[in-house]
Amino acid sequence: MCYASRVATEQIRRELAGELWEAERSRQPVEPLTRRYPELDVADAYAIQSLNVSRHLSGGARIVGRKVGLTSVPMQRLLGVNEPDFGVLLDHMAVEDGDEVPLGRLQLPRIEAEVALIMERDLEGPGVTAARALTAIARAAPALEIVDSRVANWEIRLIDTVADNASSGMFVVGGNIRPLAGIDPRLIGVVVSRNGALADTGAGAAAFGNPVRCVAWLANKLATFGDGLHAGDIILPGAVHEMIPVAPGDSFQAEFAHLGTVTIRFSAQPPPPSPPPPRPHRPLGPPGYS
């Protein structure tokens, strides 16, 4: 790629990062990135994600962990991919167990129950196996992830969700944090209820076959970016059931074998969204360059 094309690509990345940043603030979703720029690849998507994470960090946010997405074979097939993706968990995304979440902070939220894994030691790839990852994990806890999309109507492909921080929204980790020793994460079952009625069930094995394998994949993937996992990081290794839509006033509880329960509530009515900003459109690279 020549210099002019690289400059154009960087400019498009910054513009799309700006759109997603503004969409999060205004609650006005953007048109799918891949519909407008089909040339975007996974490297572009992670670069866009990184731009907005850096913007949050510049504003005082802290990284408290990572999430892994697309860990089920059906979801990978749906998006035409053969591996998971990841996003960054920031401190302002955390919600206390049982608290009410104002819907005004979200756009199209969905609920996923997950087995949160908490790192005891740093873990860096390449070459991390599930067995090695297991020795670096200290504890497990019940968790609910509130996934959300700044892309209109969840019309996402892999590039769209990666750029949008893997469709991250918020998360809650329950207070019953247990040592992982003696517990097989694959066999941790969960029952999810919505407003007191059964909504779905699942087990840890639904996440890439084993939630610990998700941690190993994540450490190896981060190594390609010169990064790794750190002691104290919270890892959300992927959903163990289908996403559940959220309506105003909903209350969700996930009851996990061995780990207990975790609960989240949503406000009854979101405030009206802010008006959308103008969105410029330019091709990914100038004509005549390669």
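Kindly provide the set of residues from segment 68-82 that are in a helix (DSSP H, G or I) and free of Cβ contacts under 8 Å to residues at least 60 places away in the same chain, ordered by number.
Step one: of segment 68-82, the residues in a helix (DSSP H, G or I) are 73-79.
Selection gives Val73, Pro74, Met75, Gln76, Arg77, Leu78.
Counting only residues that are in a loop (DSSP other than H, G, I, E, B) and more than 14 Å from Ala17 (Cβ to Cβ), how many does segment 35-52 have? If you could, list the steps in order and put the result at the bottom.
The initial filter retains those residues of segment 35-52 that are in a loop (DSSP other than H, G, I, E, B), namely 37-41.
Checking which are more than 14 Å from Ala17 (Cβ to Cβ) leaves us with 38-39, 41.
The number of residues fulfilling the criteria is 3.
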Q | Of all residues making up segment 224-246, the number that are buried (at least 24 other Cβ atoms within 10 Å of the Cβ) and over 24 Å from Val42 (Cα atoms) | A | 1
Q.
Can you say whether Gly65 is more than 14 Å from Ser149 (Cβ to Cβ), among the small types (Gly, Ala, Ser), in contact (Cβ under 8 Å) with a residue 60 or more places away in the chain and out of contact with any His (no Cβ under 7 Å at 6 or more places or on another chain), as far as the supplied structure shows?
A. yes
Q) Here are some conditions: (1) in a loop (DSSP other than H, G, I, E, B); (2) closer than 26 Å to Leu218 by Cα. Phe86 meets all but one. Which one does it not meet? A) (1)
Q.
Which of the numbered conditions does Asp44 fail, given that it passes all the others? Conditions: (1) within 16 Å of Met170 (Cβ to Cβ); (2) surrounded by 15 or more Cβ atoms within 10 Å (Cβ to Cβ); (3) of a type in the set (D, E, K, R).
A. (1)
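This table checks each residue for (1) in contact with an Asp or Glu (Cβ under 9 Å, 6 or more places away or on another chain); (2) at pLDDT 95 or above; (3) surrounded by fewer than 16 Cβ atoms within 10 Å (Cβ to Cβ).
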| residue | (1), (2), (3) |
| --- | --- |
| Cys2 | no, no, yes |
| Thr9 | yes, no, no |
| Gly18 | no, yes, no |
| Glu22 | no, yes, no |
| Pro32 | yes, yes, no |
| Glu39 | no, no, yes |
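Among the candidates Val64, Val68, Val53, which residue alone is β-branched (Val, Ile, Thr), modelled with pLDDT of 95 or more, touching an Asp or Glu at 6+ places or on another chain (Cβ under 7 Å) and surrounded by 16 or more Cβ atoms within 10 Å (Cβ to Cβ)? Please lay out each step first, then the result.
Numbers: Val68 fails: touching an Asp or Glu at 6+ places or on another chain (Cβ under 7 Å); Val53 fails: touching an Asp or Glu at 6+ places or on another chain (Cβ under 7 Å).
Unique residue meeting the criteria: Val64.
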Q: Find all pairs meeting these conditions: Cβ atoms under 7 angstrom apart; at least six residues apart or on different chains; first residue within segment 117-142 and within 19 Å of Gly226 (Cα to Cα); second residue assigned to a strand (DSSP E or B) and modelled with pLDDT under 95.
A: Met119/Ala138
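The values are calculated or read from the model by the stated rules, or taken from the named source; none is laboratory data. Please read these numbers as outputs of a predicted model, since none were measured by experiment. Reconstructed Cβ throughout: ideal geometry from the backbone, glycine too, with neighbour counts over all protein chains shown.
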